[in-house]
């Protein structure tokens with residue numbers, strides 16, 4: 001074998017597990033494997049997990065915070081307006097440089113797969129070309145999936161549909177949309193139908209910004225679920241944000257949840273950004289804004305968490321840490337039971353991997369040897385600590401290492417150090 005990771009705890013609760021790796025794939029998983037390897041890593045009982053996956057991001061805007069100015073109101077609409085101001089000033093080299101820097105951060109955080117929306121409403125398709133080049137460069141160590149995203153509306157922007165088709169032709173992977181930003185509710189529904197039909201014709205996946213609004217009457221997720229079922233797109237469609245569900249009345253939601261589940265549409269919440277941008281028109285009490293994650297999960301809907309933004313016109317914080325995303329999601333959704341907290345961990349690993357259609361993802365024989373060794377003993381502890389990534393492994397090769405989180409103490413009669421972990 002090329003590598004054996006020994007004495008690992010796994011996300012499913014198994015402990016003292018060895019993972020044998022050969023030629024970039026997992027060859028065996030079990031207790032005390034009788035194998036030799038060129039290199040052995042002792043996990044020391046810490047958690048070893050498949051890599052983190054970000055199901056919703058905007059890499060074309062990342063790390064552009066303050067260009068050409070700061071979002072003073074902190075609102076979604078000013079962010080969209082600010083992005084419109086920035087687009088004419090973008091250069092391909094600057095886009096590539098910022099995206100590559102973010103991918104460095106991602107790898108160091110154990111984030112090895114990202115679905116990024118890329119704005120196609122700039123007729124130059126400059127951002128599309130830039131991110132296609134980034135995808136090519138990072139392919140050896142990070143899976144980058146691109147969504148053709150009509151930020152200004154596929155029907156509202158006169159060249160958007162032609163640009164979207166051009167972007168798909170250039171190699172963009174997924175069809176995007178933003179129905180709640182069209183001129184009318186009817187136009188929004190028409191955009192969903194148009195884009196889903198296009199995706200069905202091309203055999204593509206769909207991921208729409210859907211109902212990113214506090215308006216309970218923004219109900220394009222209903223149309224998305226219907227069109228998914230009508231066109232046989234089950235398992236290939238995701239609705240991102242879905243924040244209007246937070247404000248809908250319970251009777252309507254009792255009808256909506258089974259429709260989403262029947263259609264096989266996945267939901268992608270973005271806890272850091274939903275809690276930041278929604279409820280801006282409220283005084284007090286303020287709405288949290290995030291979609292109904294526990295109810296969607298109970299209905300059998302796949303729910304993933306996305307980072308959405310890092311230091312861009314909409315959000316001035318972030319570092320590519322999907323455990324921070326899970327931590328915020330856990331709190332906003334009030335998912336503090338043990339199983340619920342574990343589900344939040346799955347929302348940044350296994351579930352988004354399924355939504356993206358990643359092949360051979362997981363910890364089982366035959367899977368890609370993509371692993372993250374965390375300074376934590378369980379998925380819940382990993383979220384609590386936003387645990388350090390002791391090692392990140394891609395195709396059997398260590399691509400990043402970080403020290404454990406540990407503080408030296410100088411206190412009379414107390415231990416010399418603490419690792420913030422509860423020892424039992």
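The values are calculated or read from the model by the stated rules, or taken from the named source; none is laboratory data. Not measured: the values here are computed from a predicted model. For neighbour counting, all protein chains shown are included, and Cβ atoms are generated from backbone atoms with ideal geometry for every residue, glycine included.
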What's the total number of residues in segment 17-47 that are under 17 Å from residue 360 (Cβ atoms) and assigned to a strand (DSSP E or B)? 9
Every residue from segment 193-203 that is out of contact with any helix residue (DSSP H, G or I) (no Cβ under 6 Å at 6 or more places or on another chain) and either closer than 26 Å to residue 274 by Cβ or in a strand (DSSP E or B) (or both): 195, 199
Checking the structure you have, find out if any residue of segment 343-355 is closer than 17 Å to residue 50 by Cα, modelled with pLDDT of 95 or more and surrounded by fewer than 13 Cβ atoms within 10 Å (Cβ to Cβ). no
So which of 281, 327, 307 is touching a strand residue (DSSP E or B) at 6+ places or on another chain (Cβ under 6 Å) and in the same structural domain as residue 205 (by TED's automatic domain parsing)? 307
Residue by residue through segment 288-313, note down the ones that are at pLDDT below 95 and surrounded by fewer than 23 Cβ atoms within 10 Å (Cβ to Cβ). 288
Just a yes or no: is a residue in segment 30-46 on the phi < 0 side of the Ramachandran plot, within 27 Å of the chain's Cα centre (by Cα), surrounded by 14 or more Cβ atoms within 10 Å (Cβ to Cβ) and outside the structural domain of residue 308 (by TED's automatic domain parsing)? yes
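Conditions tested, residue by residue: (1) buried (at least 20 other Cβ atoms within 10 Å of the Cβ); (2) under 15 Å from residue 168 (Cβ atoms); (3) outside the structural domain of residue 175 (by TED's automatic domain parsing); (4) in contact (Cβ under 8 Å) with a residue 60 or more places away in the chain.
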residue: 108; (1), (2), (3), (4): no, no, no, yes
residue: 111; (1), (2), (3), (4): yes, no, no, yes
residue: 121; (1), (2), (3), (4): yes, yes, no, no
residue: 128; (1), (2), (3), (4): yes, yes, no, no
residue: 134; (1), (2), (3), (4): yes, no, no, yes
residue: 139; (1), (2), (3), (4): no, no, no, no
Looking at (1) surrounded by 22 or more Cβ atoms within 10 Å (Cβ to Cβ); (2) closer than 30 Å to residue 72 by Cα; (3) touching a helix residue (DSSP H, G or I) at 6+ places or on another chain (Cβ under 7 Å), which is the only condition residue 237 fails? (2)
Please tell me if residue 239 is closer than 20 Å to residue 295 by Cβ, assigned by TED's automatic domain parsing to the domain that holds residue 118 and part of a strand (DSSP E or B). yes
